[in-house]
Amino acid sequence: MKNRQALKVKIKKQLVWYSFLVVSIVTLIVLTYIPMLTTIKYSFFDVQVLGFGEDRFVGFQNYQKIMNNSSFLKSIGNTFLLAFMGLVSIPVGFILASLINNIGRGKWQSFFRVGYYFPNIITGVSVVLIFQIVLKANGGLLNNALSLLTGREVAIGWLSDSHYSRFGATILGVWGSMGYSMLINLASLQSIPAEIYEAAEVDGANGFKQWWYITIPQMASCFAFLFITSIINGLARFSDLFIIGGNASAGRPGGTLQTILMYIYQFSFESPQYGIASAGAMILFVLTFVITLVNLKMTGFFKKKDV
Amino acid sequence: MRAKKIRRCIIIVVLLLILAIVLVPLLWCIVLSFDRKAVSALPEFSLIPHEFSIFNYQVAFTTIPLVRYYLNTIFVTVVHTVLAVFFALMCGYAFAKGRFIGKNFWFVFMLAVMMIPFESRMVPLYLQYKSWGLLDTYAPLLMGACAYVYGIFFSRQNIEAIPDSLRESAYIDGASEWRIFFQIIIPLSKPLIATLSILQVLSNWNSYLWPLVVLRSSEKQLISVGVSVFNAQQDAIYYGPRMAVAVISAIPLSIMFLFLQKYIVQSVAVSGIKQ
């Protein structure tokens, strides 16, 4: 009798804890796990878009089709190229952070921290609108500045000429993300214990040596973190390039700005072929998954949980 | 000492110059938005409008339902943030202090989601909502908020740091877990709530792809998509009105940033390091 009551109390306790979790668990099953499994399934099927007829199992045909498709391969190339070009924001952020850190804590430091972070706050769409004009071929700010510096008339269509579009897209991207990079770099710089520098000073290490032998190694994990996050964000880049292309996923100009995600969008919503889109989505998933796994391993995420 | 001071001054000047270059596009955008001359041709760069007027804003407000977009976006952002933070705290509390069967399993179950990018399950998700007849409503934008995985992870870390003694004394007084959650955990988690809310507002205001996919009717659209559609229609010309729209859509977050700059900068820095 007593045992049963104790059991009841125990079960009740379990249920109370589960009542905290149940909504999130159900949400994740219905909105994440099931759709993800469906993506895996669709990638092996010829999916009938309009609901006529049965979906047909086609094995790896979708993958074969997509891997032989030159515009998909190009979109993978574009995605990685743009992601790697976007890494410029890391050294830029580091240099800014070093300078800001150098002036010491105080009013100026908070002013610069906030000032340089500000572009990050501007809405994604606004940034594109602004840079479509800043990077314009005729009368754009950048070309004006370049003309002034070189003494020659410069009229590069940074966002409309397919030779330069990736540079234009990178300028726009780095402008938006360097504030974030600066912030993370600065926080990391400030967490280096001052004693290390003091000890180095006693040993007679000068500024450059301190920077090279203390600062850079201490910042390694911060750089790695920024590298991974910026690659992962780069893999899923979509909105700004989609808007630059005039709200279309073809990656204008000349397909140079079509990322994997834009390719998936094209075959999901513009000319629906869900099988192809799902195969593309699976490739995007695998790429992101591998990079995230590397990231978690590096940051010691798995170790922490064992404790 | 003197050399150090001079060096500091030089660095400040250099930083000011770079900052000016970085912010010039924004300044020019604001100037153009007030310039009557910037309609069909792009005027020369200047620090003040060539011909001051609010014409561009009038054009912007009459060509697209900006106020409508605004209200829609505010509604979605607020509801999404409240749902996401509330459920994240609930799960965070259970994972931090609870003792129940399957705790580790469910924790990994939730964190694994971080490795599934939203984009790779977008199509089936879209078809699911389609079959439920929920396309062109705000349900697809809001339902996902009930499982804010990063927030759960972050809440667990923070709630773990709250001493158990508080909970135990409440226990002795006969309080249930839910009461402890509402009366002890939530009041003690204000900084945590602030950080998560800020991160939520920032990401929601800028969300683009998903609203573009699920919302069809233009009067339901959010500001980011609404503005980009307007932009695509006005390809090439209409510089002033386009800049006016850019300013309008950037204003809410900018104002929020000016008031909460310290907290926002901190939230972003903290979330980055602990991630």
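The values are calculated or read from the model by the stated rules, or taken from the named source; none is laboratory data. This one's a predicted model, so the numbers in the text were calculated from it and none came from an experiment. Virtual Cβ from ideal backbone geometry, glycine too; neighbours counted across all protein chains shown. The area values use the complete protein model at the heavy-atom level, side chains included, leaving out ligands, DNA and RNA. Shrake-Rupley method; radii C 1.70, N 1.55, O 1.52, S 1.80 Å.
Scan segment A:207-247 for residues that are open to solvent by less than 20 Å² (accessible area, probe 1.4 Å) and either within 26 Å of A:GLN266 (Cβ to Cβ) or in contact with a Gly (Cβ under 6 Å, 6 or more places away or on another chain) (or both) and jot them down.
Hits for segment A:207-247 are A:ILE231, A:GLY234, A:LEU235, A:PHE238, A:LEU241, A:PHE242, A:ILE243, A:GLY245.
Whether any residue in segment A:123-132 is hydroxyl-bearing (Ser, Thr, Tyr), facing another protein chain (nearest Cβ under 8 Å) and without any contact (Cβ under 8 Å) to a residue 60 or more places away in the chain is what I want to check.
Just the residues of segment A:123-132 that are hydroxyl-bearing (Ser, Thr, Tyr), to begin with: A:123, A:126.
Next, only the ones that are facing another protein chain (nearest Cβ under 8 Å) stay: A:123, A:126.
Next cut, without any contact (Cβ under 8 Å) to a residue 60 or more places away in the chain only: A:123, A:126.
Yes - at least one qualifying residue is present in segment A:123-132.
Enumerate the pairs (first residue in segment A:215-232 and in a loop (DSSP other than H, G, I, E, B); second residue anywhere and buried (at least 19 other Cβ atoms within 10 Å of the Cβ)) with beta-carbon separation below 8 Å, excluding pairs fewer than 6 apart on the same chain, so at least 6 apart or on different chains.
A:MET219/A:PHE94; A:MET219/A:ASN185; A:MET219/A:SER188
I'm trying to understand the selection: among the residues of segment A:1-18, which are more than 8 Å from every other protein chain (Cβ to nearest Cβ) and either open to solvent by less than 40 Å² (accessible area, probe 1.4 Å) or assigned to a helix (DSSP H, G or I) (or both)?
A:LYS2, A:ASN3, A:ARG4, A:GLN5, A:ALA6, A:LEU7, A:LYS8, A:VAL9, A:LYS10, A:ILE11, A:LYS12, A:LEU15
I'd like the full set of residues that are open to solvent by 30 Å² or more (accessible area, probe 1.4 Å) and either of a type in the set (Lys, Arg) or on the phi < 0 side of the Ramachandran plot (or both), limited to segment A:248-264.
Within segment A:248-264, A:ALA250, A:ARG252 meet the criteria.
Looking at (1) hydrophobic (A, V, I, L, M, F, W, C); (2) within 11 Å of chain A (Cβ to nearest Cβ); (3) under 17 Å from the mean Cα position of the chain (by Cα), can you tell me which one B:PHE230 breaks?
It is condition (3) that B:PHE230 fails.
Any chance you could count how many residues in segment A:72-106 are part of a helix (DSSP H, G or I) and either within 11 Å of chain B (Cβ to nearest Cβ) or open to solvent by less than 50 Å² (accessible area, probe 1.4 Å) (or both)?
Within segment A:72-106, residues that are part of a helix (DSSP H, G or I) and either within 11 Å of chain B (Cβ to nearest Cβ) or open to solvent by less than 50 Å² (accessible area, probe 1.4 Å) (or both) number 24.
Which members of segment B:187-230 meet the condition of being hydrophobic (A, V, I, L, M, F, W, C) and closer than 30 Å to B:SER131 by Cβ?
B:TRP205, B:LEU209, B:TRP210, B:LEU212, B:VAL213, B:VAL214, B:LEU215, B:LEU222, B:ILE223, B:VAL225, B:VAL229
So which residues in segment A:165-188 are away from chain B (no Cβ under 11 Å) and either at pLDDT below 90 or closer than 16 Å to A:TYR116 by Cα (or both)?
Within segment A:165-188, A:GLY173, A:SER177 qualify.
Can you tell me which residues in segment B:122-159 are closer than 25 Å to A:SER268 by Cα and among the polar types (S, T, N, Q)?
Selection gives B:GLN128, B:SER131, B:THR137.
Out of all the residues in segment B:161-202, which are polar (S, T, N, Q) and over 27 Å from B:GLN261 (Cα atoms)?
If we filter segment B:161-202 for residues that are polar (S, T, N, Q), which is where we start, we get B:165, B:169, B:176, B:183, B:189, B:195, B:197, B:200.
B:SER165, B:SER169, B:SER176, B:GLN183, listed by residue number.
Residues of segment B:78-109 being basic (Lys, Arg) and facing chain A (nearest Cβ under 7 Å), which ones?
Residues satisfying the conditions do not exist here.
Which fully enclosed helices (runs of 4 or more DSSP H) of segment B:50-138 have 2 or more residues being under 30 Å from B:TRP178 (Cβ atoms)?
By residue number, B:66-97, B:103-111.
Of all the residues that make up segment B:110-121, how many are more than 7 Å from chain A (Cβ to nearest Cβ) and open to solvent by less than 30 Å² (accessible area, probe 1.4 Å)?
Within segment B:110-121, residues that are more than 7 Å from chain A (Cβ to nearest Cβ) and open to solvent by less than 30 Å² (accessible area, probe 1.4 Å) number 1.
Is segment A:55-66 home to any residue that is assigned to a helix (DSSP H, G or I), out of contact with any helix residue (DSSP H, G or I) (no Cβ under 7 Å at 6 or more places or on another chain), farther than 30 Å from A:ILE216 by Cβ and not charged (D, E, K, R)?
Yes, because at least one residue in segment A:55-66 is assigned to a helix (DSSP H, G or I), out of contact with any helix residue (DSSP H, G or I) (no Cβ under 7 Å at 6 or more places or on another chain), farther than 30 Å from A:ILE216 by Cβ and not charged (D, E, K, R).
Determine the pairs where a residue that is within 13 Å of chain A (Cβ to nearest Cβ) and open to solvent by 20 Å² or more (accessible area, probe 1.4 Å), located within segment B:193-221, has a partner that is at pLDDT below 90 and not in a helix (DSSP H, G or I) with Cβ atoms under 6 Å apart, the partner being 6 or more residues away or on another chain.
As it stands, the answer is B:ASN206/A:THR123, since those pairs meet every condition given.
Quick one: which of A:ILE184, A:ILE156, A:ILE171, A:ILE133 is assigned to a helix (DSSP H, G or I) and open to solvent by 20 Å² or more (accessible area, probe 1.4 Å)?
Working: A:ILE184 fails: open to solvent by 20 Å² or more (accessible area, probe 1.4 Å); A:ILE156 fails: assigned to a helix (DSSP H, G or I); A:ILE133 fails: open to solvent by 20 Å² or more (accessible area, probe 1.4 Å).
Result: A:ILE171 is the single residue among A:ILE184, A:ILE156, A:ILE171, A:ILE133 that is assigned to a helix (DSSP H, G or I) and open to solvent by 20 Å² or more (accessible area, probe 1.4 Å).
Out of (1) open to solvent by 60 Å² or more (accessible area, probe 1.4 Å); (2) part of a loop (DSSP other than H, G, I, E, B), what's the single condition that is false for B:SER46?
Of everything listed in (1) open to solvent by 60 Å² or more (accessible area, probe 1.4 Å); (2) part of a loop (DSSP other than H, G, I, E, B), B:SER46 misses just condition (1).
Per-residue answers, yes or no, for (1) among the small types (Gly, Ala, Ser); (2) over 26 Å from A:MET282 (Cα atoms); (3) surrounded by fewer than 16 Cβ atoms within 10 Å (Cβ to Cβ); (4) in contact (Cβ under 8 Å) with a residue 12 or more places away in the chain:
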{"site": "B:LYS130", "(1), (2), (3), (4)": "no, no, yes, no"}
{"site": "B:LEU135", "(1), (2), (3), (4)": "no, no, no, yes"}
{"site": "B:ALA139", "(1), (2), (3), (4)": "yes, no, yes, no"}
{"site": "B:ALA145", "(1), (2), (3), (4)": "yes, no, no, yes"}
{"site": "B:TYR150", "(1), (2), (3), (4)": "no, no, no, yes"}
{"site": "B:ASN158", "(1), (2), (3), (4)": "no, yes, no, yes"}
{"site": "B:ASP164", "(1), (2), (3), (4)": "no, yes, yes, yes"}
{"site": "B:SER169", "(1), (2), (3), (4)": "yes, yes, yes, no"}
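Okay, residues lined up against (1) in contact with a strand residue (DSSP E or B) (Cβ under 8 Å, 6 or more places away or on another chain); (2) within 8 Å of chain A (Cβ to nearest Cβ); (3) buried (at least 21 other Cβ atoms within 10 Å of the Cβ):
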site	(1), (2), (3)
B:ILE237	no, no, no
B:PRO241	no, no, yes
B:SER249	no, yes, yes
B:PRO252	no, no, no
B:LEU258	no, no, no
B:ILE264	no, yes, yes
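Can you confirm whether A:GLY115 is part of a loop (DSSP other than H, G, I, E, B) and facing chain B (nearest Cβ under 8 Å)?
No; evaluated as a whole, the condition is false for this residue.
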